[in-house]
Amino acid sequence: MSDTKSGLVEMSWDPITRIIGSLGIHTKIDFANRQVAECRSTSSIFRGYSVFMKGKDPRDAHFITSRICGICGDNHATCSIYAQNMAYRCKPPHLAEWIINLAEAAEYMFDHNLFQDNLVGVDFCEQMVKETNPAVLARAEATAAPHASLHGYRTIADIMRSLNPFTGALYREALVMSRLTREMYSLMGGRHVHPSTLYPGGVGTVPTVQLFNEYLSRLMKYVDFMKRVVPLHDDLFDFFYEALPGYEAVGRRRVLLACWGSFQNPDACDFRYETMSAWGREMYITPGVVVDGELVTTDLVEINLGLRIFLGSSFYDDWEHAETFVAKDPLGNPIDQRHPWNQTTVPRPQKRDLTSPDGKYTWVMSPRWYHRASGANLALDSGGGALARLWVTALAGVVDFQHIRATGRSVKIELPRSASGPAMELEWKIPAWSNTLERNRARSYFQAYAAAAALHFVEQGLREVHAGRTSTWTKFEVPDEAIGCGFHEAVRGMLSHHFVIREGKIANYHPYPPTCWNASPRDSFGVPGPYEDAVQNTPLFEENGPDRFKGIDIMRTVRSFDPCLPCGVHMYFGPGKELLVRHSPTFGAGLGGGG
């Protein structure tokens, strides 16, 4: 539907394909100026975990919350046991932490690989570029790939062909790697993605030399894969900057990045809130918040105290005058009523309103972080997970172990020599922008980071086994009254679990995964969420006009965040008038009408 007064065209994609869940993007597009004028992000699913967790035995929390997601369920389980360890005052044995780190490293490798080359990679494949930017494909055919000697593809167009669904060589190889990394996770966690050997206090995994060697044999195949894939993606993304001048503005937003840290250091971590500032900084991925390029904190206590949950444009009742579960943290700091510890979830279903200034249009609330220096509640994003992790870790300059070193402006990653080839050093450098292409580029580099970290964790685990320190669990008692919080990195970004125990049962429980932040709507102050902000005002480089418009630049932007919210896309003009139906969970499976 065209708005004759403004000259804008309303276009919606709901739900978005090649992601997890039911995300909708609703836009107003200025085709005259080739720009998105306005954007709303919606989700049509209410899950209710924060409601039905109440009254449960806290020891079941990780088994239940892993079912939040069928892709990153183990991230939730891990975060939940971190929160439980805090509540139970329980420190697992070193070997248990190395095993958990190995499991989570495998998850990062699995999920990033699958998304990068089987889902988001399709946005850059030959078939897609041919339909949306044929002039770019023609240029790609004539452009030599700078790192062809490393990855084996002579031209940029050859790289694009390798990403074609079902037929592309890289597309198919990535599927093999996904199977390999799932096996790696299952060796350590028992099952993927809902681990069966992960518990508060440690793990039930039986540690043997054979266990670690089976993991390592698969890991080295992935290391060799990374030596080809990272240079390949550098070639592909650099080409888009060159072929489409100004493409850095696509999906660009203010640098407001958050990482809650990952990979515990068992020498430092005791899971006590009172020492969280110290052991948080010892993680092998540094926690922190970056505002306008400046690292404003790496303190998990400060990060925790700044959490705020606003209703914004979501379908819930307010809890401003509801019960306060936690008035002060264990250090005596006051806890805001809008903190997850004090949140009371009261769903209020209603008709979606995308037009009114104060209209409600989504089941996602608006998490924000209170920035004391400015007094603003910031709409932080995860940069799809990898971008924030690398950016924070690089600026902090703390991480320095075996194969990985943060320099203050970059992260250096060493991939060792193997039977298939020589050693390789990769260096991820802090980019000039937080945009679509850099979120995607970071994902490739972080796959290498996770692989390099896993090499270290294997070595440490084997050291424990060879020394005879094979205990993997610490006994604990569930207290009658307690609070706990877990901070972790899901594949696509910052993840926290906050809960309260009363009379030995869960009185309040609130998980906040990264998509709650990234997909958040306009908040109570009118500030758009990260998806909305990144899409709004983004320029459009697609060569198609309104009648054949696919919105590839918009889709690339949304998928660059790795949304976790896969069936079909209904694209329409205006309310109820369906223009086109496209069933494309994977592009290329057939482009006829679908359901």
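The values are calculated or read from the model by the stated rules, or taken from the named source; none is laboratory data. The structure presented is a predicted model; accordingly, all values stated were derived computationally and were not measured. Positions of Cβ are generated from backbone atoms using ideal geometry, with glycine treated the same way; all protein chains shown enter the neighbour counts. In case anyone asks, the SASA skips ligands and DNA or RNA and just uses the protein heavy atoms, side chains included. Shrake-Rupley method; radii C 1.70, N 1.55, O 1.52, S 1.80 Å.
The table below lists the values:
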{"quantity": "Base-10 log of normalised Debye intensity for the chain (one unit scatterer per alpha-carbon) at q = 0.07, 0.08 Å⁻¹", "calculated": "-0.39, -0.52"}
{"quantity": "Whether segment 56-106 is rounded, prolate or oblate, judged on the alpha carbon gyration tensor where a/c under 1.5 counts as rounded", "calculated": "oblate"}
{"quantity": "Integer Hz, Karplus 6.51/-1.76/1.60 couplings in order for segment 101-115, x for Gly and Pro", "calculated": "4, 5, 5, 5, 4, 5, 5, 4, 5, 4, 5, 4, 4, 4, 5"}
{"quantity": "Cβ-placed point charges (K, R +1; D, E -1), dipole of the chain about Cα centre in debye, nearest 20", "calculated": "640 debye"}
{"quantity": "Accessible solvent surface per residue of the chain, calculated while the other protein chains remain in place, 1.4 angstrom probe, Å²", "calculated": "35 Å²"}
{"quantity": "Solvent-accessible surface ranking, highest first, for 498, 147 at 1.4 angstrom", "calculated": "147, 498"}
{"quantity": "Estimated 222 nm signal from helices in the chain, with DSSP H stretches of n ≥ 4 weighted -39500 (n - 2.57), rounded to 500", "calculated": "-10500 deg cm²/dmol"}
{"quantity": "Two-decimal Rg/Rh across segment 16-147, once Rg and the Kirkwood Rh are taken from alpha-carbon atoms", "calculated": "1.13"}
{"quantity": "Label point distance in nm, residue 6-residue 323, each placed 7 Å from Cα along Cα→Cβ", "calculated": "4.4 nm"}
{"quantity": "Rounded to whole Hz, the Karplus (6.51, -1.76, 1.60) HN-Hα couplings of segment 76-90, x for glycine and proline", "calculated": "5, 4, 5, 4, 5, 6, 4, 5, 5, 4, 5, 5, 8, 6, 10"}
{"quantity": "Packing-based order for 262-275, 499-512, 116-129, using average beta carbon neighbours within 10 Å, highest first", "calculated": "116-129, 499-512, 262-275"}
{"quantity": "Cα-based reach from residue 550 at 18 Å (exclusive), listing lysines while leaving out same-chain residues under 8 positions away", "calculated": "28, 130, 577"}
{"quantity": "Packing rank of 380-390, 443-453, where each peptide gets the mean count of other beta carbons within 10 Å, highest leading", "calculated": "380-390, 443-453"}
{"quantity": "Sulfur and carbon atoms: percent of accessible area, the chain [1.4 Å]", "calculated": "52 percent"}
{"quantity": "³J(HN,Hα) computed for each position of segment 536-542 - Karplus, 6.51 cos²θ - 1.76 cosθ + 1.60, integer Hz, glycine/proline x", "calculated": "5, 6, 6, x, 10, 10, 4"}
{"quantity": "Sites residue 350 and residue 32, calculated FRET efficiency, Cβ-Cβ separation with R0 30 Å, nearest 0.05", "calculated": "0.30"}
{"quantity": "Anchor residue 429: lysines whose Cα lies under 28 Å away (excluding residues fewer than 8 positions away in-chain)", "calculated": "221, 227, 412"}
{"quantity": "Computed over segment 231-275, Cα set: Rg, Dmax in Å", "calculated": "19.3, 52"}
{"quantity": "Global form of segment 82-138, assessed from the alpha-carbon gyration tensor, a/c cut-off 1.5", "calculated": "prolate"}
